[in-house]
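Written out below as structure tokens is the structure these notes cover.
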Amino acid sequence: MASNKRSNESEKIKKKIFKLVGDYHSARFESEEFIPGESYVQNSGKMFGIEELKNGIESILDGWWTDGRFAESFESSLRNYLKTRSVHLVNSGSSANLLAVYSLTSKELGERRIKEGDEVISVAAAFPTTVNPIVLSGAVPVFLDIEDLNSGQYNIDVSRLEEAVSDRTKAIFLAHTLGNPFNVDAILETAKKHNLYVIEDCCDALGSEYSGKKVSSFGDIATFSFYPAHHITTGEGGAVATKNTLLSRLIKSWRNWGRDCWCDSGKDNTCGKRFEWKLGDLPRGYDHKNIYSKLGFNLKITDMQASIGLAQLEKVGEFGKIRKENFKSIYKTLERYEDKIILPQSLPESNPSWFGFPISVREDAGFSRDEFTQYLNSCRIGFRPLFSGNITRHPSFKGVKYRVVGTLRNTDATMNQTFWIGIQPNITEEKKEYVIKVLNNYLDR
């Protein structure tokens, strides 16, 4: 009876808290004033409502805090959304990429595993954390150029893909750039021919489709980011998805300190013989939950983060629709300037959920990319270059071993001529109209 009384009382208090959370959201987040030329228009950012705050508060009130019931629900919902076999939540998209590569170094994969000195095909026009795990694992990145700048695609040029494959190639690791799917058919054809793993970096591409299927459906492993800039957010957070049972087990082990045990947090003896194993040089019966088969990490998500993601995932369709509408609005107003700028394009098979709107300034435009972006900056409009531009030109890559097939001419052109602006759902109509007006003013000069 006392327990029921305490439970009823805590539920009454929780309802009061949620009422206050709703009041706070209305007072704090629903009264933003936009002043053109003074208020900053971000190039990316999150959109959230009362549901995310309530979930976050409830997860805190649970008192569990590490991955728990919200993480379990979020994983299940994301798994259903992606139509995949397993999803493992992690603390960032960068960690997701790290896990994807390191899982492929596992001894359980035999001759197909990535060993030191083996090669992984990628592009240099990438965010660093798509490339860094390749180097950190001891493998060698092999860079191909991206499509000609005039294509407006910013993805890998597959025409030299076969030439990039050597007897040490083990995998292809590529991002769907800014949510624009790469040539999946060509990648899968080469991967199948040479028995290569494919990692799809979908961090910017949640909801994008290729041939009617969501990206992440094609490779052996897919990664996602839930940083505030992305399609949905958990603050910091990410996920690794796979349809392969063995890879799923390896990913979980690498994520959870390298444990050989597959028990979830807060659970024991899932295998039914926790004190009966004989592994390594340990004594028989050593606690299986404290046996480590990998030199792993702790990259788990918290339940607070997962609770926010669970509310966000329910809105992913709405968010994607707004992104596409914003993309179309900007594209339509810029079409008449194609003699000065290059507009983004996608493959016929693709249905992108664009992360941002990329613009490349033509060499004979009469102005440079930097002059254009300086004007946007003066008008308080956010922008970014296309990630690293060319990762091989950064200080971090001095002394790093890599191989280039052909040239990186188009990669360098993108580094010098390309930027992107935001189309995220939190851009109001007022902000969007202002951005379009500023773009027109500059290009009409």
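The values are calculated or read from the model by the stated rules, or taken from the named source; none is laboratory data. Worth saying up front: this structure is predicted, and the values here are computed from it rather than measured. Here the Cβ positions follow ideal geometry from the backbone for every residue, glycine too, while neighbour counts run over all protein chains shown.
Brief remarks on what is shown
- Qualifying positions in region 395-445 - within 30 Å of Glu119 (Cβ to Cβ) and among the charged types (D, E, K, R): Lys398, Lys401, Arg403, Arg409, Asp412
- Of all residues in region 380-410 being among the β-branched types (Val, Ile, Thr) and in a loop (DSSP other than H, G, I, E, B), the one that is surrounded by the fewest Cβ atoms within 10 Å (Cβ to Cβ): Thr407
- For the residues Glu276, Glu236, the requirement of being of a type in the set (Asp, Glu), at pLDDT 95 or above and either at positive phi or part of a loop (DSSP other than H, G, I, E, B) (or both) singles out Glu236.
- Comparison of Ala191, Ala186 shows that the only residue that is modelled with pLDDT of 95 or more, hydrophobic (A, V, I, L, M, F, W, C), more than 28 Å from Ile341 (Cβ to Cβ) and surrounded by fewer than 24 Cβ atoms within 10 Å (Cβ to Cβ) is Ala191.
- Of all positions in region 416-429, none carries a residue that is touching a Pro at 6+ places or on another chain (Cβ under 8 Å), farther than 30 Å from Ile121 by Cα, surrounded by 18 or more Cβ atoms within 10 Å (Cβ to Cβ) and in contact (Cβ under 8 Å) with a residue 24 or more places away in the chain.
- Top-ranked residue in region 358-379 [being within 25 Å of Gly179 (Cα to Cα) and more than 24 Å from the chain's Cα centre (by Cα); ranked as surrounded by the fewest Cβ atoms within 10 Å (Cβ to Cβ)]: Asn377
- Meets criteria (part of a loop (DSSP other than H, G, I, E, B), farther than 15 Å from Ala100 by Cβ and at pLDDT 95 or above) for Leu206: yes
- The one condition from (1) in contact (Cβ under 8 Å) with a residue 60 or more places away in the chain; (2) surrounded by fewer than 16 Cβ atoms within 10 Å (Cβ to Cβ); (3) under 18 Å from Val404 (Cα atoms) that Gly117 does not meet is (1).
- Test set (1) assigned to a helix (DSSP H, G or I); (2) free of Cβ contacts under 8 Å to residues at least 24 places away in the same chain - Ala100 fails condition number: (2)
- Considering Ser396, Ser329, Ser388, Ser350, the condition of being under 30 Å from Glu163 (Cβ atoms), more than 20 Å from the chain's Cα centre (by Cα) and in contact (Cβ under 8 Å) with a residue 12 or more places away in the chain is satisfied by Ser396 alone.
- Applying a threshold of 8 Å to beta carbon distances and a minimum spacing of six or more residues, or different chains, the list of pairs starting in region 147-173 at a residue that is farther than 19 Å from Leu104 by Cβ and small (Gly, Ala, Ser) and ending at one that is part of a strand (DSSP E or B) and modelled with pLDDT of 95 or more reads Gly152/Ile342; Gly152/Pro358; Gly152/Ser360.
- In a residue-by-residue description of region 118-126, the property of being polar (S, T, N, Q) and within 17 Å of the chain's Cα centre (by Cα) applies to at least one position.
- Selected residue (only one of Ile251, Ile308 is in contact (Cβ under 8 Å) with a residue 40 or more places away in the chain, under 17 Å from Trp65 (Cα atoms), part of a helix (DSSP H, G or I) and out of contact with any Cys (no Cβ under 6 Å at 6 or more places or on another chain)): Ile308
- Filtered residue count, region 160-185, keeping only those that are touching a Leu at 6+ places or on another chain (Cβ under 8 Å) and farther than 15 Å from Ser216 by Cα: 7
- Of all residues in region 327-345, those that are among the polar types (S, T, N, Q) and closer than 15 Å to Val438 by Cβ total 2.
- Considering Glu325, Glu371, Glu349, the condition of being closer than 24 Å to Gly212 by Cα and touching a strand residue (DSSP E or B) at 6+ places or on another chain (Cβ under 9 Å) is satisfied by Glu349 alone.
- Residues located in region 30-49, provided they are without any contact (Cβ under 8 Å) to a residue 24 or more places away in the chain and either among the basic types (Lys, Arg) or farther than 23 Å from Gly356 by Cβ (or both): Glu30, Ser31, Glu33, Ile35
- Residue check: Glu433 meets all listed conditions (1) surrounded by 15 or more Cβ atoms within 10 Å (Cβ to Cβ); (2) out of contact with any strand residue (DSSP E or B) (no Cβ under 9 Å at 6 or more places or on another chain); (3) at pLDDT 95 or above but one, namely (1).
Per-residue answers, yes or no, for (1) surrounded by fewer than 23 Cβ atoms within 10 Å (Cβ to Cβ); (2) of a type in the set (Val, Ile, Thr):
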{"position": "Glu236", "(1), (2)": "yes, no"}
{"position": "Val240", "(1), (2)": "no, yes"}
{"position": "Thr245", "(1), (2)": "yes, yes"}
{"position": "Asp264", "(1), (2)": "yes, no"}
{"position": "Asp268", "(1), (2)": "yes, no"}
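- No other residue among Ser137, Ser103, Ser159, Ser151 is crowded, with 19+ Cβ neighbours inside 10 Å and among the hydroxyl-bearing types (Ser, Thr, Tyr) apart from Ser103.
- Considering each residue of region 47-59 in turn, at least one proves to be within 30 Å of Ile381 (Cα to Cα), not in a helix (DSSP H, G or I) and not hydrophobic (A, V, I, L, M, F, W, C).
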